[in-house]
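Enquirer: The structure is given below, and queries will be raised subsequently.
The values are calculated or read from the model by the stated rules, or taken from the named source; none is laboratory data. Note that the structure is a prediction, hence the values are computed from the model and not measured. Don't worry about glycine lacking a Cβ; one is built from the backbone with ideal geometry, like all the others, and counts go over all protein chains shown. For accessibility, only protein heavy atoms count, side chains too; no ligands or nucleic acids. Shrake-Rupley method; radii C 1.70, N 1.55, O 1.52, S 1.80 Å.
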Amino acid sequence: MSDKFDVIVIGAGPAGYVAAIRAAQLGLKTACVDAFVGKDGKQALGGTCLNVGCIPSKALLDSSKQYFNLTHNLPAHGISVENAKVDMATFIGRKDKIVKQFTGGIGQLFKANKVTPFFGKGKLLKGNNVEITGNDGSKQTISATNVILASGSVPIELPFAKFDGKNIIDNAGALDINEVPKRLGVIGAGVIGLELGSVWNRLGAQVTILEALPDFLAVADQDVAKVAKKEFEKQGLTIKLGAKLTKAEVKKNEVALTYEDKDGAHELTVDKLLVAVGRRAYTEGLLADDTGVKLDERGRIVVDEHNHTGVDGVWAIGDAVRGPMLAHKGSEEGVAVAEWIAGKAGHINLDTVPWVIYTEPEIAWAGKTEKELKEAGVPYKIGTFPFAAIGRAVAMNEAIGQVKVIAHAETDRLLGVHMVGPGVSELIAEAVVAMEFKGSAEDLARIVHAHPTLSEAVHEAALSVDKRAIHKGN
Ligand code: FAD
Ligand code: AMP
């Protein structure tokens with residue numbers, strides 16, 4: 001036994017590294033074990049999010065948005081350039097530099113907070129011991145009073161469309177294409193499929209998204225989803241709903257697809273295929289047989305409302321457990337668990353976790369959708385306000401979408417806020433604060449919002465719940 005810690009965290013994604021830092025801040029002797037290997041072959045902290053998820057996708061979304069603005073949106077401002085082009089080495093290289101900056105930053109934060117990093121695959125053994133297997137096969141065992149499992153998730157692979165890293169790719173592959181494909185197929189119109197499909201569409205790829213479900217963005221508010229779908233199609237994305245991929249065959253650097261919809265089987269040929277049909281908890285090699293930690297029917301680590309596994313001193317957080325697979329949800333669970341371990345009052349409210357899709361327009365929501373409220377029989381009232389009537393949005397030439405506020409019909413308590421439009425990834429924070437403070441639509445309506453800003457849409461939508469929006473008919 002080489003060392004004894006108060007806390008060992010397995011996994012250094014946004015759930016694990018945040019848990020480790022918070023535990024160390026609270027005076028606990030903390031280690032964090034992670035196996036992720038970066039593009040340079042060295043240990044890269046930060047997990048999926050920093051290496052092949054949130055951060056690199058936003059870097060490419062921003063670069064591709066600049067190009068799309070230049071070619072499609074700036075002419076309306078009287079600005080145009082001839083022969084706009086993208087240098088792919090710079091496009092991908094900028095993203096790689098950002099990833100390196102942030103993954104390296106976690107290492108510095110670990111140093112500053114005295115978290116001991118270990119590089120290798122961690123396996124929980126009975127008695128809160130963790131066996132670490134290095135890349136060279138070397139083994140060492142460390143132990144702790146508490147172990148936090150934060151092993152994250154991996155992309156789901158379709159058995160008939162296996163990833164080959166070249167023609168059939170996952171999120172990591174779609175963030176590292178070095179030439180714009182002529183035809184890109186995307187399976188799954190979820191968050192990842194829409195974001196990465198948008199990147200390559202903006203650069204000129206002909207993108208076709210196949211989605212098995214009949215509704216577009218079934219998890220989102222359907223008014224928001226309707227606006228978004230229309231805008232994405234205007235941008236050139238082809239979205240086929242109720243279309244289930246059944247076969248994918250790589251032939252001479254192309255992929256021949258077969259998909260089925262209500263009219264029968266269809267064929268489609270693409271140059272690359274991004275399979276983005278969801279992610280699953282990653283627990284391979286994480287648990288010795290006799291630890292007592294349980295997995296549910298979807299392979300997720302079973303935890304209670306305090307992220308405890310039921311095994312003394314063993315906790316689990318992030319994508320590896322129930323709840324939305326979002327970085328900030330995992331991070332907040334990490335903070336809460338570290339605080340519970342230190343005997344403090346940790347806090348996590350899964351009901352107010354915001355969702356954001358970083359497309360154009362952006363989509364963001366927190367709380368319940370109308371459909372969920374209807375199904376639960378909760379009486380509600382609605383206020384909406386379009387960005388078309390917001391001066392700032394019009395001045396930006398981005399007057400698309402709306403804000404929708406849903407409040408309880410009797411108590412006026414905020415139940416859900418749903419947005420599609422410019423800058424809504426930032427605007428949603430106001431709704432989350434209001435909901436976390438158990439606020440009402442009236443509370444939002446009484447707060448002074450700066451003029452002219454996009455946030456006025458939130459204010460007016462809240463006023464509109466009570467049919468007193470100023471800048472539209474009620
Ligand atoms: P992960 O980030 O998956 O990290 C787990 C880490 O544990 C990895 O480094 C893994 O190698 C390591 N590990 C696993 N098992 C072991 C073991 N036995 N021993 C040692 N190490 C181990 N979420 C957002 O909130 N916003 C976004 O904009 C966003 N964009 C995304 C874009 C893409 C393309 C993808 C794929 C995901 C995106 N997500 C986004 C989701 C987000 O990345 C995840 O929710 C988040 O990374 C989960 O954090 P985690 O710490 O639970 O797991
Ligand atoms: P998400 O889980 O949000 O990343 O979304 C993944 C999407 O992929 C879901 O909306 C699924 O309905 C969709 N999906 C799963 N399997 C298939 C398939 N074989 N063909 C088309 N879409 C699929």
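Enquirer: Which pairs turn up if I take residues in region 198-219 that are without any contact (Cβ under 8 Å) to a residue 60 or more places away in the chain and look for partners that are of a type in the set (Phe, Trp, Tyr) and open to solvent by 10 Å² or more (accessible area, probe 1.4 Å) with beta carbon separation below 8 Å, at least 6 apart in sequence or on another chain?
Expert: Leu210/Tyr259
Enquirer: Of the residues Glu305, Glu297, which single one is within 26 Å of Leu213 (Cα to Cα), free of Cβ contacts under 8 Å to residues at least 12 places away in the same chain and more than 10 Å from ligand 1 (Cβ to nearest atom)?
Expert: Answer to the check: Glu297.
Enquirer: List the number of the failed condition for Phe163; all other conditions in (1) of a type outside the set (Lys, Arg); (2) away from ligand 2 (no atom under 15 Å from the Cβ); (3) under 24 Å from the mean Cα position of the chain (by Cα) hold.
Expert: Here Phe163 meets the rest and fails (2).
Enquirer: Additional query: Taking into account only those residues within region 133-145 that are touching a residue at least 60 places away in the same chain (Cβ under 8 Å) and of a type in the set (Ser, Thr, Tyr), which is farthest from ligand 1 (Cβ to nearest atom)?
Expert: Thr145
Enquirer: When the residues of region 431-473 are narrowed to those that are among the basic types (Lys, Arg) and over 30 Å from the mean Cα position of the chain (by Cα), which ends up surrounded by the fewest Cβ atoms within 10 Å (Cβ to Cβ)?
Expert: Lys467
Enquirer: If you don't mind, there's one more thing I want to ask. Out of region 182-197, which residues are in a loop (DSSP other than H, G, I, E, B), in contact (Cβ under 8 Å) with a residue 60 or more places away in the chain and under 22 Å from the mean Cα position of the chain (by Cα)?
Expert: Start the filter on region 182-197 by keeping residues that are in a loop (DSSP other than H, G, I, E, B), which leaves 182, 188-190.
Narrowing the set further to residues that are in contact (Cβ under 8 Å) with a residue 60 or more places away in the chain leaves 182, 188, 190.
If the condition is that a residue be in a loop (DSSP other than H, G, I, E, B), in contact (Cβ under 8 Å) with a residue 60 or more places away in the chain and under 22 Å from the mean Cα position of the chain (by Cα), then Gly188, Gly190 are the ones that fit.
Enquirer: Please go through region 135-160 and pick out each residue that is within 13 Å of ligand 2 (Cβ to nearest atom) and either of a type in the set (A, V, I, L, M) or at positive phi (or both).
Expert: Hits for region 135-160 are Val154, Ile156, Leu158.
Enquirer: Do any helices (runs of 4 or more DSSP H) lying entirely in region 1-83 carry at least 3 residues that are under 19 Å from Val314 (Cβ atoms), and which ones are they? Steps first, please.
Expert: Values: elements: 16-25, 47-52, 54-68.
The qualifying helices (runs of 4 or more DSSP H) are 16-25.
Enquirer: From the list Ile79, Ile106, which residue is within 29 Å of Lys139 (Cα to Cα), more than 16 Å from ligand 2 (Cβ to nearest atom) and of a type in the set (Val, Ile, Thr)?
Expert: Every option except Ile106 fails the conditions.
Enquirer: Which of the helices (runs of 4 or more DSSP H) found entirely inside region 382-459 contain at least 3 residues meeting this: among the small types (Gly, Ala, Ser)?
Expert: 391-395, 424-436
Enquirer: Another one. Looking only at strands (runs of 3 or more DSSP E) that fall completely inside region 245-345, which ones have 2 or more residues that are surrounded by fewer than 22 Cβ atoms within 10 Å (Cβ to Cβ) and within 15 Å of ligand 2 (Cβ to nearest atom)?
Expert: 254-261, 264-270, 279-281
Enquirer: Okay, moving on. Considering only residues that are part of a loop (DSSP other than H, G, I, E, B) and surrounded by 16 or more Cβ atoms within 10 Å (Cβ to Cβ), which ones fall in region 352-381?
Expert: Listed by number, the residues that qualify are Val353, Pro354, Tyr358, Thr359, Glu360, Pro361, Lys368, Thr369.
Enquirer: Name the pairs: first residue in region 149-164 and basic (Lys, Arg), second residue open to solvent by less than 20 Å² (accessible area, probe 1.4 Å), Cβ to Cβ under 8 Å, at least 6 apart or on different chains?
Expert: Lys162/Ile168
Enquirer: Being surrounded by fewer than 16 Cβ atoms within 10 Å (Cβ to Cβ) and out of contact with any helix residue (DSSP H, G or I) (no Cβ under 7 Å at 6 or more places or on another chain), is that true of even one residue in region 418-428?
Expert: yes
Enquirer: If you don't mind, there's one more thing I want to ask. Pick out the one residue from Thr71, Thr103, Thr141 that is open to solvent by 20 Å² or more (accessible area, probe 1.4 Å), under 22 Å from Leu60 (Cβ atoms) and of a type in the set (Ser, Thr, Tyr).
Expert: Values: Thr103 fails: open to solvent by 20 Å² or more (accessible area, probe 1.4 Å); Thr141 fails: under 22 Å from Leu60 (Cβ atoms).
Being open to solvent by 20 Å² or more (accessible area, probe 1.4 Å), under 22 Å from Leu60 (Cβ atoms) and of a type in the set (Ser, Thr, Tyr) holds for just one of Thr71, Thr103, Thr141, which is Thr71.
Enquirer: Now a separate question. What number of residues in region 220-238 are within 16 Å of ligand 2 (Cβ to nearest atom) and open to solvent by 20 Å² or more (accessible area, probe 1.4 Å)? Show your work before the answer.
Expert: Residues of region 220-238 that are within 16 Å of ligand 2 (Cβ to nearest atom), as a first pass: 220-222, 224-225, 228-229, 232, 237-238.
Remaining after also requiring open to solvent by 20 Å² or more (accessible area, probe 1.4 Å): 222, 229, 238.
Going through region 220-238 one residue at a time, the tally reaches 3.
Enquirer: Quick one: count up the residues across region 66-114 that are touching a helix residue (DSSP H, G or I) at 6+ places or on another chain (Cβ under 8 Å) and polar (S, T, N, Q).
Expert: 3
Enquirer: Residue by residue through region 108-132, note down the ones that are within 11 Å of ligand 1 (Cβ to nearest atom) and closer than 18 Å to Asp290 by Cβ.
Expert: Gly122, Lys123, Leu124, Val130, Glu131
Enquirer: Separate question: Answer yes if at least one residue in region 146-153 is more than 16 Å from ligand 1 (Cβ to nearest atom), in contact with a helix residue (DSSP H, G or I) (Cβ under 7 Å, 6 or more places away or on another chain) and open to solvent by 10 Å² or more (accessible area, probe 1.4 Å), and no otherwise.
Expert: Yes, that holds for at least one residue.
Enquirer: Kindly evaluate Gly190 against the criterion of being open to solvent by less than 50 Å² (accessible area, probe 1.4 Å) and within 16 Å of ligand 1 (Cβ to nearest atom).
Expert: yes
Enquirer: Further question on the same structure: Taking the residues in region 1-28 that are over 21 Å from Leu287 (Cα atoms) and in contact with a Lys or Arg (Cβ under 8 Å, 6 or more places away or on another chain) as candidates, determine which candidate is least open to solvent (accessible area, probe 1.4 Å).
Expert: This residue is Ala24.
Enquirer: Let me ask you something else. Here is a list: Ile209, Ile177. Which entry is open to solvent by less than 50 Å² (accessible area, probe 1.4 Å), within 24 Å of Pro56 (Cβ to Cβ), touching a helix residue (DSSP H, G or I) at 6+ places or on another chain (Cβ under 8 Å) and within 16 Å of ligand 2 (Cβ to nearest atom)?
Expert: The match here is Ile209.
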